[in-house]
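These notes are about the structure you will find just below.
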Amino acid sequence: MSEQKRFFIELAYDGTNYHGWQLQPNAISVQEILNNALSTVLRNPTETLGCGRTDTGVHAGEFFAHFDNEGFFDEETGPAVSGNLLRSLNAILPPDIAIKNIIPVAAGAHARFDATSRSYEYHIHFHKDPFKNKYSWQLRDVPDMELMNRAAKIIMEYTDFSCFSKSNTQVKTNNCKIFKAEWVKTDDGMIFHISADRFLRNMVRAIVGTLLEVGRKEMDPEGVRAVIESKNRSKAGTSVPACGLYLTEVKYPYL
């Protein structure tokens, strides 16, 4: 009898048409489409477990999930069989989901709990552009990037980000360690880069909304201290639209 083996699957997706990564009872998710494709190609019901959850309309340039399989892969298998599986999956998946890699891992490896860091980008542009419509958020007025970067540095001094989390989420702690938070100018806009060991639900979009209040001079950079110390979501800025948000990198100690 074949032994159960675990694999990581690396993918990228355009989140426009999906209600996030995670399976939903009444809506289409990336996870559901991927599970169905794997089950078809492997000829066995297959379920994946993702490195996190992205909300409706959020994109992923890099996302990992794990799945278990016995039979399809045996001792003889190597890159050739993984390559065939990758091609077969990409052939039946819709154009907005792409498989990049399939990696054999240890039996106890876990796509969510073993990730040591995650990185996101939030994209903003200033001039109407039909090609950026679903992939960046258009702002009419240019915010002050220097003020926003000062506020971003202050955010990195803290670890409890209750004020940026959706309420009633089932997490044990609202503590996160942010190692990078920075705005960078682009030709027609700006991109916010943020990396941390973990993120709370809605956290990046709430941080961006708060920093934009600073950029519009509605709040002083030092004002973010009171927001964070309040631990109250209503004190932070409005969540920005999902279309500009991308999960860009997930790191593991063994990949």
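FYI, it's all coordinate maths here, none of it is from the lab. None of these values were measured; they are calculated from a predicted model. In this analysis, Cβ positions are derived from the backbone assuming ideal geometry, glycine residues included, and neighbour counts consider all displayed protein chains.
Numbers for the structure displayed
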read-out: Contact order normalised by residue count of the chain, Cα under 8 Å, 6+ apart, percent; value: 24 percent
read-out: Anisotropy class of the stretch 83-181 from Cα gyration tensor, a/c 1.5 cut; value: oblate
read-out: Selected from Pro130, Pro94, Pro104 as most flexible by GNM, with the chain as the system and alpha-carbon contacts under 10 Å; value: Pro130
read-out: In the stretch 153-255, GluC sites (Glu not before Pro) in a DSSP loop with at most 14 other beta-carbon atoms within 10 Å; value: Glu157, Glu218, Glu222
read-out: Two-decimal log10 I(q)/I(0) for the stretch 157-255, as the Debye equation yields it once each C-alpha is a single scatterer, q = 0.14, 0.18, 0.22 Å⁻¹; value: -0.55, -0.90, -1.32
read-out: Angle between the chain longest axis and helix 79-92 axis [Cα atoms, degrees, rounded to 10]; value: 70 degrees
read-out: Label-point separation in nm, Glu249 to Glu218, each point 7 Å along Cα→Cβ; value: 3.2 nm
read-out: Acute angle (nearest 10 degrees) that the helix 203-215 long axis makes with the longest principal axis of the chain, alpha-carbon atoms; value: 20 degrees
read-out: Links that overshoot a 29 Å alpha carbon limit, given the list Lys100/Lys235; Lys100/Lys166; Lys172/Lys235; Lys153/Lys231; Lys100/Lys132; value: Lys100/Lys235; Lys100/Lys166
read-out: Relative intensity, log₁₀ I(q)/I(0), of the chain from a Debye sum that treats every alpha carbon as a point, q = 0.10, 0.14 Å⁻¹; value: -0.54, -0.95
read-out: Rounded to the nearest 20 debye, dipole of the stretch 104-250 from Cβ charges on Lys, Arg, Asp, Glu; value: 540 debye
read-out: Full-extension gain in nm, Lys100 to Val142, via 0.36 nm per residue minus C-alpha separation; value: 11.5 nm
read-out: Of the trypsin sites (Lys or Arg not before Pro) in the stretch 180-230, those whose Cβ has at most 11 other Cβ within 10 Å and which sit in DSSP loop; value: Lys217
